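We did not get these values from a lab; they are worked out from the coordinates using the rules stated. These numbers come from a predicted model, not from an experiment. Quick reminder, even Gly has a Cβ in these numbers, built from the backbone with ideal geometry, and neighbours come from all protein chains shown.
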Amino acid sequence: MRHPQLLSVETTALLVIDIQDRFVEHIYEMDRVIEKSRLLIEAAKLLDVPVIVSQQYPKGLGETIAVIRQALPDSALILDKVTFSCGQDDQIVEAIEKTRRSQILICGIEAHVCVQQTAFDLLAMEKQPHLATDAISSRNPNDAQVALARMQNSPIIPTTTEAAIMELVHSSKHKAFKDLSKLIK
């Protein structure tokens, strides 16, 4: 029996929020967000964890950046939105519900807007949001820090990329462990 707050491949979906072209130059430590998000996507591919990607108004903010698009599994859904919260977009809510997953691992931007609103709306949907805090940021580092602190004072669960991957794989005996170990080193 595992603790219900630990991620598992059977119950987790990955939600990648708004890692788009026009944000790249403006987000604090964006290189870190991109690399950690890419690692989460690669792990999700190896573990058959569903991946949903949101794009905030791509006509104005550009598409999901190439390095993220190239890492995605063929089964990933890339969905456009105009609401800040993924939980307020019918198409994305439907995609999340179709996964039949209760735990949603989140990476992306911006922490204080789209990520935060999505995480709280996921709680309202009776989902368990997990924040890969090292794969989340904002333009202003203070905005990200305050948003992460606010979310951590709720049932939203903070984690890191490596911790999430190790929870998903669960054991060094898992068939994907060696490949995942190479990813995070």
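Using just the helices of the chain, give the 222 nm mean residue ellipticity in deg cm²/dmol: DSSP H runs with n ≥ 4 each add -39,500 (n - 2.57), and the total is spread over all residues, rounded to 500.
-12000 deg cm²/dmol
For an R0 of 35 angstrom, estimate the FRET efficiency from the Cβ-Cβ distance between MET1 and GLN88 and round to the nearest 0.05. Write down the numbers at each step before the final one.
On the way: r = 35 Å, r/R0 = 1.01.
After rounding to 0.05, the efficiency reads 0.50.
Please build a GNM for the chain, connecting alpha carbons under 10 Å apart, and tell me which residue among GLU126, GLU42, GLU29 fluctuates the most.
Fluctuation is largest for GLU126.
Just add up the charged neighbours of GLY87: K/R +1, D/E -1, any other residue whose Cβ is under 15 Å from the Cβ of GLY87.
-3
How would you classify the range 12-184 from its alpha-carbon gyration tensor, with a ≥ b ≥ c the square roots of the eigenvalues: rounded for a/c under 1.5, else prolate if a/b is greater than b/c, otherwise oblate?
Rounded.
Which distance in Å, rounded to a whole number, links the C-alpha centroids of the range 154-185 and the range 33-105?
Cα centroid of the range 154-185 versus Cα centroid of the range 33-105: 19 Å apart.
Roughly speaking, what is the stretch gain from LEU123 to LYS98, that is 0.36 nm per residue apart minus the C-alpha to C-alpha distance, in nm to one decimal?
Numbers: separation 25, 0.36 × 25 = 9.00 nm, distance 1.68 nm.
Length difference between fully extended and current span is 7.3 nm.
What is the sum of charges, Lys and Arg at +1 and Asp and Glu at -1, for the other residues whose Cβ falls under 15 Å from the Cβ of VAL9?
With Lys, Arg at +1 and Asp, Glu at -1, the net is +1.
Springs between alpha-carbon atoms under 10 Å, Gaussian network over the chain: tell me which of GLY87, GLY60, GLY108 tops the mean-square fluctuations.
Ranking GLY87, GLY60, GLY108 by mean-square fluctuation puts GLY60 first.
Just PRO129, PRO73, PRO155 to compare: in a GNM of the chain, with alpha carbon springs under 10 Å, which one fluctuates most?
Looking only at PRO129, PRO73, PRO155, the largest GNM fluctuation is found for PRO155.
Scan the range 1-96 for trypsin sites (Lys or Arg not before Pro) in coil per DSSP, keeping those whose Cβ has at most 14 other Cβ atoms within 10 Å, and list them by number. The partial results should precede the final answer.
Numbers: sites: ARG2, ARG22, ARG32, LYS36, ARG38, LYS45, LYS59, ARG69, LYS81; in loops: ARG2.
Listed in order of number, the matching sites are ARG2.
With a sphere of radius 13 Å drawn around the Cβ of ILE184, what net charge do the other residues whose Cβ falls strictly inside it have (Lys, Arg +1; Asp, Glu -1)?
Around ILE184, the surrounding residues sum to -1.
Of all DSSP beta bridges in the chain, what percent run antiparallel (nearest 5)? Write out the running numbers ahead of the final one.
Numbers: 1 of 25 bridges.
If I count the DSSP bridges inside the chain, around 5 percent turn out antiparallel.
Give, rounded to the nearest 20 debye, the magnitude of the charge dipole that the chain has about its Cα centre when Lys and Arg contribute +1 at Cβ and Asp and Glu contribute -1 at Cβ.
Using Cβ point charges on Lys, Arg, Asp and Glu, the chain gives about 560 debye.
Using the structure shown, select from LYS127/LYS175; LYS45/LYS178; LYS98/LYS182; LYS98/LYS127; LYS36/LYS178 the pairs with a Cα to Cα distance greater than 21 angstrom. Let's see the in-between values first.
Details: LYS127/LYS175 28 Å; LYS45/LYS178 14 Å; LYS98/LYS182 31 Å; LYS98/LYS127 13 Å; LYS36/LYS178 18 Å.
LYS127/LYS175; LYS98/LYS182, as the Cα separations exceed 21 Å there.
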